[in-house]
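Structure record follows, encoded as structure tokens.
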Amino acid sequence: MEKGKPFVASLHEAENKLELSLRQAFVNLEPKLQPPFSLDIPDPQEFLELSRAILYAVLCDSGSSKTHIKHLHAVVTDGYAFFTSLLVGIVLELYGKLVNSAKVQLLWLTKEMVSVSSVGLEDLLVSLLRRIGSGDYGDQNVWLCYELVSLFLDKWGCLLEDVPLVLTSALYNFLRLLADHCRVTGIPKLEEVKRLEIKFCVRMFREQLHLSLKIGRDLVRLLQDLVYISEFKEIWNDLICSDILKIYQSKTSSRYFLLRITPEMETQLRFLLGNVKLGSHKRHQIWFLKKFLLGLEKGTLLIDIVRFICCVVHPSNEIIRSEIMPRWAVIGWFLELCRQNHHVEPRVKLALFYDWLFFDERIDSIMNVEPAALLMLWSIPQYLHITHSLLEFLLHLVDTYDVTRRDMIMRSVASAFKEIERKGVVQSLDMFLSSPEIAPDLKKKLANLLSCQQDIN
Amino acid sequence: MHVFLKDIVPAAQNNINTRFIILDKARSPPAAAAAASSGKSCIALAADETAAVHIQLWGEECEAFEAGDIVKLTNGIFSYVRNSGLLLRAGKRGNMEKMGEFTVAFVETPNVSEIQWSPDPENPKRYVKKDVVSAYSRIFPPLP
């Protein structure tokens, strides 16, 4: 029987609390993990310890996993809620420290939890989806992607019945990944992954359209990057012919934007936007850049980060009034990073303005459109090129994003501007309209756009 | 007891428990420091919410810690090291452990290694602050 430690040990690193608790439980209970098992029903405390010990045993020993899981089945009384929560903890806190064989075991346990439809299964699958790194084509990451898309296809029936919304999350995730994966060639395993991703996504649209549409308007944004793939061309045409207005009008829930942000990235972005003061942020920025954004294929991650910042990180008024890094400044930095990357820059700008195009003050949050407005405004004095390029891009979107629904988009963008003024995000739209720095043709176009709404009102 | 960096005082005692984030690390060990000791060492800039300090990493610590790492120091010592000035280090009896990354909002001034200390007239065993030599680190100046 081969036994190994499931976590990579590093000499100068404090042991994680969860890791410690699992290891200690295993050390204490190891003799009890082999048959014959005790017939006594464990008390609640013993049950928690036993769950930890079983989990650790499975992670480090593939030889007796089936015995261990039977043991768990025999003692479980909470619908596997505790065991699943431990798995979620491992995925969120310790995934990077797992040795390869332990990752295989983790996926095996996940499939077991799907089979028993454990309490908390959706959290577990979502946390694993977040572990698929963007722009990372190393063996380990491609393997994880392959395992998960296979799981969603193989366990389709169970998942549909027990946790249907996790299929919607998987659709968002794989549509987004496909846009990146289809730009990479020459990795045999990735070709297989792409084939399965397409298969899964197409199946969702064809068999579970109502679940697919639950993504809301960002579904259109994701799909438009894939229309050149024949399988999606048809789906796109069907969608456009259907009631696309309804899709535009349904705001995408923040849960989906988290899917392409790893837990570490989330922690660091939230810290940057909640604790770091503007002016003393440089080192944090450099660390973030080095950890997450270096690498040729990492650029598209900025699209997901900008969407995450606009739609998920909504700082309190107290933070907004403080010296803490505002969202617009961080986004301005990201825009500068992808400047002149023709593949990434327009998609990052679209991510920034996406909610403007369909803005309805009754359902949309002012916080989703605030960063773009402030970035345009505060860039005027020193970074006029940013103001110009953003305003130009927005006006261009109004004209071209969906020509048949141009009027609706015009009204939405105008109402986003009005709401920004009404809520006091900017004191007055005259700060744009009468700014001596902003190019006259842009000001004129903007004035036209704003007058369209007055006509209607 | 955990102390903030602003409260550490030079002393010949291995009793400082603190946590800080590493901001920058000298690429190669300064020749003087390397010559002064037989082992490999390097100097780094560390900080917490209250102050910054120069730290000395020793042997494997030099590779184990990177800028952005949050480090817990147990039983550390803050004292003069010949040719390198005032340094905070683990020493033989102390220990440094990485406990996270990124999530410390730090300040780079004052830097307690850039303060001149002198014996307390009332208690010659203690040191008190005399002059600020430099507000910021002179080895690792703030980013432009």
Checklist entry - Scaled to the compact-protein estimate 2.2 N^0.38 Å, what is the alpha-carbon radius of gyration of the range A:275-407, rounded to two decimal places? => result 1.07
Checklist outcome for this item: Close lysine pairs (chain B; alpha-carbon distance under 23 Å; 8 or more apart or on separate chains) counted at 16
Next on the checklist: Of all beta bridges DSSP finds with both residues in the protein assembly as shown, what is the antiparallel percent, to the nearest 5?
Outcome noted: 90 percent
Checklist entry - Taking GluC sites (Glu not before Pro) that fall in a DSSP loop and have at most 16 other Cβ atoms within 10 Å as cut points, what is the longest piece of chain A between them? => result A:16-322
Checklist entry - Which three lengths, in whole Å and largest first, does chain B cover when its Cα atoms are put on their principal axes? => result 42, 36, 33
Checklist outcome for this item: Relative contact order as a percentage, chain A, C-alpha pairs under 8 Å and 6+ apart, gives 10 percent
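Trypsin sites (Lys or Arg not before Pro) within the range B:63-144: which are DSSP loop residues with at most 10 other Cβ atoms inside 10 Å?
Loop-located and lightly packed - B:82, B:92.
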Item to check | chain A, dipole about Cα centre (Lys/Arg Cβ +1, Asp/Glu Cβ -1), debye to the nearest 20 | outcome: 660 debye
Checklist entry - Which far-off residues, 5 or more places away or on another chain, put their amide H under 5 Å from the one on residue A:7, with H placed in the peptide plane? => result A:99
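With every protein chain kept in place and ligands, DNA and RNA left out, what is the accessible area per residue of the range A:1-96? Probe 1.4 Å, answer in Å². Don't skip to the end; give the middle numbers.
Details: 5130 Å² over 96 residues.
Accessible area per residue, the range A:1-96: 53 Å².
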Item to check | Set of lysines near residue A:233 by C-alpha distance (under 21 Å), chain-local residues within fewer than 8 positions excluded | outcome: A:194, A:199, A:214, A:246
Checklist entry - Given A:401, A:341, A:449, which one lies farthest toward the positive end of the charge dipole of the range A:262-456, if we put +1 on the Cβ of every Lys and Arg and -1 on the Cβ of every Asp and Glu? => result A:341
Next on the checklist: Between 0 and 90 degrees, rounded to the nearest ten: what's the tilt of helix A:100-115 against the longest Cα principal axis of chain A?
Outcome noted: 90 degrees
Checklist entry - So for the range A:181-233, what percent of the C-alpha to C-alpha distances run longer than 15 Å? => result 53 percent
Checklist entry - Using just the C-alpha positions of the range A:1-113 as equal point scatterers, what log10 of I(q)/I(0) does the Debye formula give at each q in 0.15 1/Å? => result -0.60
Checklist entry - In whole angstrom, and with the biggest value first, how far do the Cα coordinates of the range A:358-403 range along each principal axis? => result 34, 26, 8
Checklist entry - Which residues of the range A:260-286 bury at least 10 Å² of accessible area once all protein chains are present, versus their chain alone (1.4 Å probe)? => result A:267, A:268, A:271, A:275, A:280, A:282, A:283, A:284, A:286
Item to check | Interface B:A - total buried accessible surface [probe 1.4 Å, Å², rounded to 100] | outcome: 1800 Å²
Checklist entry - Over all Cα pairs of the protein assembly as shown, how is the pair count split among 20 Å bins, expressed in % and running from 0 up to the last occupied bin? => result 17, 42, 33, 8, 0
Item to check | Theoretical ellipticity at 222 nm over chain A - DSSP helices of four or more residues, -39500 (n - 2.57) apiece, nearest 500 | outcome: -20000 deg cm²/dmol
Item to check | Cα radius of gyration and Dmax for the range A:132-250 (Å) | outcome: 14.1, 41
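The values are calculated or read from the model by the stated rules, or taken from the named source; none is laboratory data. Predicted model only: the values in this text are computed from it and were never measured. FYI the Cβ positions are ideal-geometry reconstructions off the backbone, even for glycines, and counts take in every protein chain you see. These accessible areas exclude ligands, DNA and RNA; they are computed on the full protein's heavy atoms, side chains included. Shrake-Rupley method; radii C 1.70, N 1.55, O 1.52, S 1.80 Å.
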